[in-house]
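Asker: What follows is a single structure, and I will ask about it in a moment.
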Amino acid sequence: MGLLNWLEALPLSVWVHESPSIWAQPTVLTLHTMGMGVLVGACWVLDLRLLGIGRMPLSAYRWVFRAVAIALFVNVVTGVLLFMARAPLWGTAFPFLVKILLVAASAATVLPLRSYVMSKHADEHAIDSKARILAIASILAWTGAITAGRLLAYTVAG
């Protein structure tokens, strides 16, 4: 708890949590939400294509990985700021821990899918079962991460 209390007491954490400025918590939370929309939306576009929805060649989906990288960066930065502002509360909350594990699991599906889509033979072959399983895992993990994140608002006092 010492580390969590120290994080919450940092001037940046206090500013995010207690400042009446529109640039503090409202902006950080808005950027986090927008980043999540882009991140999960881009992942789902690719996941659904890998599951057979759509007819465009896989090479047309290479843009997804740049969007995912930018959105993941935005969400890591804003997520750390939001966490620091309430570190003792979130750091000990079960739904938060589940959310972080599911975000990590979701992110872990991106690299193998990137290799698959970026391969020079991606458009030449039918989508293999490994890619389909990764797409299903991605959809399930992102759905669980979003659900766990929303449960924080309803199950953890703060």
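The values are calculated or read from the model by the stated rules, or taken from the named source; none is laboratory data. A quick note: this is a predicted structure, and the numbers were derived from the prediction, not measured. When we count neighbours, we look across all protein chains shown, and the Cβ atoms used for this are built from the backbone with ideal geometry, even at glycine. Side chains are part of the model used for accessible areas, which takes the heavy atoms of the whole protein and leaves out ligands, DNA and RNA. Shrake-Rupley method; radii C 1.70, N 1.55, O 1.52, S 1.80 Å.
Asker: How large is ³J(HN,Hα) for each residue in the stretch 71-79, as worked out from phi by the Karplus curve 6.51 cos²θ - 1.76 cosθ + 1.60 (θ = phi - 60°), to whole Hz, x for Gly and Pro?
Answerer: 5, 5, 4, 4, 6, 5, 5, 5, x
Asker: Relative to the first principal axis of the alpha-carbon coordinates of the chain, what is the inclination of helix 129-155, with its axis defined by its Cα atoms, in degrees from 0 to 90 and to the nearest 10?
Answerer: Between the helix axis and the principal axis of the chain, the angle is about 20 degrees.
Asker: Against the 2.2 N^0.38 Å scaling, with N counting residues, where does the stretch 1-81 land? I'd like the Cα-based Rg ratio to two decimal places.
Answerer: Cα Rg divided by the expected 2.2 N^0.38 Å: 1.49.
Asker: Moving to a separate point now. Farthest toward the dipole's positive end in the chain, which of Leu101, Gly54, Leu4, given Cβ charges of +1 (Lys, Arg) and -1 (Asp, Glu) about the Cα centre?
Answerer: About the Cα centre, the residue reaching furthest to the positive side is Gly54.
Asker: Tell me whether the chain comes out rounded, prolate or oblate; compute the Cα gyration tensor, take square roots of the eigenvalues as a ≥ b ≥ c, and use a/c under 1.5 as the rounded threshold.
Answerer: Details: a/c = 2.90, a/b = 2.23, b/c = 1.30.
Because a/c hits 1.5 or more and a/b exceeds b/c, the chain counts as prolate.
Asker: Which value, in Å² rounded to 10, gives the accessible area of His121 with a 1.4 Å probe and all protein chains present?
Answerer: Near enough 80 Å² of accessible area.
Asker: In terms of solvent-accessible area of protein heavy atoms at a 1.4 angstrom probe, what is the ranking of Glu8, Glu18, highest value first?
Answerer: Glu18, Glu8
Asker: Sticking with this one: Against the longest principal axis of the chain, how steep is helix 25-50, in degrees 0 to 90 to the nearest 10, with axes from Cα atoms?
Answerer: 20
Asker: Can you tell me the orientation of helix 94-118 relative to the chain, as the angle in degrees between its alpha-carbon axis and the longest Cα principal axis, to the nearest 10?
Answerer: 30
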